[in-house]
Amino acid sequence: MVFSILLIRLTHRVPSSGLWRTPVLLPQCSQRQQGFLTARRIGVDDPVRLRRAESTRRVLSLELNHDRDVDRIHGNGVNSLDIEVIEGRYMLSGGADGVVVIYDLENNNKKPQYTCKAVGTVGRSSRHVHKFSVETVQWYPHDTGMFISSSFDKTMKVWDTETLKPAEVFHFEGNVYCHHMSPVARKHTLIAVGTKDPKVQLCDLKSGSRIHVLQGHRGEVLSVRWSPRYEHILATASADSRVRVWDVRRASGSLFTLDQHNGDKSKAATEAVNTAHNGRVNGLCFTADGLFLLTAGTDDRMRLWNSATGENTLVNYGKVTNSSRTCLRLAVSRGCSPDFVFVPCGSSVAMYSLHSGELVTMLRGHYNNVDCCEFHPDYQELYSGGKDCNILAWVPVLRQPDVEEEGPAAGRAGGQQAAVNPAYADAWSSDED
Amino acid sequence: MNRKRTLISDAFKVKKRRLAENTFDKASCGEADPGGPLDIKSSLEYLMTLFPRKVFNDSLPRIAMKHQLYSLHSAKTLVDRQLNLLREQGEVVIFQLGFDADAFGLVFTSDYKEKTLAGIAGTECQDTVEKFMNKVLPSCTDLSFNKEKMLKEFLFTDSEITQLVKCGVLTVRDAGSWWLSVPNAGKFTKYFIQGRKAVLNMVKKAKYGEVLKNELELRRTTSHVKFPMKYHIYDIMGAELVESIPTTSGTMLRYVDT
């Protein structure tokens, strides 16, 4: 069953026309993939293995695709992107001009060239638009009827997608840097909000009130993230160089603070003891299984932590340039082995291998600083947005068709396949020979 | 059968041309063969050969920096792990240099003992330092010590601790805690920073702010720079003060504006 679903998803992507790419024979590749396929068919391998192998291959070949584009609506930088989890079809983006846009990512026009159209915008002309920059946007985790946006105008608005009007507005005393709603929560509908205030606020969606405050940080809370594994575990990162992990059911403070030296007090200067970074911590991301937590700080370092014990796994990513004054949005791939982490670094997106710390590649394409990136787990695509107001889609390079398959066979392949480019059509050989 | 263990198995047909560019410049010794096993000890020994003893009149043991190893081997995490292993085995001593939170100096334990004892031979601190070397170094591989530990675990008295600080084996970190240090390390740090600045300026002032590594190695250094050029090049590459870009003519170092 998994295999057939995988096939559908793979063939849904129409191959790009070969105008700028001559078909190259890759016998080695297809042989190895044949190996995976046969093993799966005869039952030697688990179905997941083929899926993982193919996902990893696709993530390793991410690049800008001429055929894929995202509508350019924002007039100022794009601050945050979110793809809904139910279908993976709609994407939200929040911009520095206060505008929130919804895009449809699906390609229904049977042609390779596709621009992801904006299906809804909360523009400057709307009465309810945010007054200042929108810092974080997130879909309601259970359906696309609602989304939440928070902004520097000290409010967090819960919007109805149909009418694009806010159903609820939460007001705060300071700039709201980030918010997050738990993707797996069934027992609560809490939104964790990080503001300029060192206290982390928890707002309840059902009652519309701010019911809980988490005290412990000493500086502004730059990033908050719920664990994708346990619905009550929350991680918060602050400008006081500390990252705290909380269980919201507990009345007394945080569960633990992440310590970069793992308790080895001898390694650091005395002020730096018990800190996660040597500067402000502004990026937080859990891996898809919730077992590991990634943090990024303004000391140009990224660290991987065991989320259960708070132990620093000491994976060395090297210098990860981080000059963001607000939340830095990382993305982790899902369903690959090994997993990859995408970090916006200056005007490109750096791709590191999660557990070994090696830099795999730098995705270059933006004209200005990249602010956010979001990984689409089903299609292994990456969307990144930045100060140049563009949202770029990084798509896995499509496997080339084998040379022998060109010609009449390709034409008969089916309606989904694009017609063979006339330049490659066999117009000179005669059937009589 | 391919015995090389690669990060990602060949089935995934990684775009090898991007990764293969790194192998253009592999001629010099000491630079790791990406396919072979990670040998930190031999890289460390290579770095130690670059250390100029004459400048310090042979009073300092040979010091290498931890991030210099990162420029020789690409897998930083594995380098860290192997180094920790060497430290626990007691072959290498790691100490904080002080000018940067991330700058750690490495010395071979035998070298360290030899030079320190030679330096304080005949002075009043000799017994204390010997006691420190024999008691503390083998058992405790920490970078810093606090008062409690020194008094209770190792049974040093206050005056002995003062003597150790006077000799330079311990440096003050905070009220009641000390970093492990190498005597006369101050001179090393001074010349090192001087040399690093000079080499970085060379890269910065070059046209477009970039220099080919091979070309930089051949340049003559001014009298301010006491260390050999290669020592500094590995340092700035490992500390990521310059960006290493693989090109068809070898590695190119581009100044990073931070």
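Values quoted throughout were computed directly from the atomic coordinates according to the rules given, and no laboratory measurement underlies them. Nothing here was measured: the structure is a model prediction, and the numbers come from that model. Every residue, glycine as well, gets a Cβ built from its backbone with ideal geometry; the counts of neighbours run over all protein chains shown.
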Query raised in the report: Any idea what angle helix B:185-205 forms with the longest principal axis of chain B, computed on alpha-carbon atoms, 0 to 90 degrees, nearest 10?
Result: 20 degrees
Query raised in the report: Reachable lysines from residue A:154, Cα under 16 Å, same-chain residues fewer than 8 places away excluded?
Result: A:131, A:196, A:199
Query raised in the report: In peptide A:51-63, what is the residue-averaged number of other protein chain Cβ atoms found within 10 Å of each Cβ?
Result: 2
Query - Residue order, fewest to most surrounding Cβ atoms within 10 angstrom, among A:234, A:398 - result: A:398, A:234
Query raised in the report: By how many degrees, between 0 and 90 and to the nearest 10, does the Cα long axis of helix B:40-49 differ from the longest principal axis of chain B?
Result: 80 degrees
Report task. Any chance you could give the angle, 0 to 90 degrees and rounded to 10, that helix B:158-167 forms with the longest Cα principal axis of chain B? Result -> 40 degrees
**Report entry** Whichever aspartates and glutamates have a C-alpha closer than 20 Å to that of residue B:149, once near sequence neighbours (fewer than 8 apart) are set aside
**Finding:** A:264, A:271, B:88, B:127, B:130, B:158, B:160, B:174
Report summary line: Going from the fewest other Cβ atoms within 10 Å to the most, one would list B:104, A:340 as B:104, A:340
Query - Ranked list, fewest to most other Cβ atoms within 10 Å of each Cβ, for B:205, B:213, A:196 - result: B:205, A:196, B:213
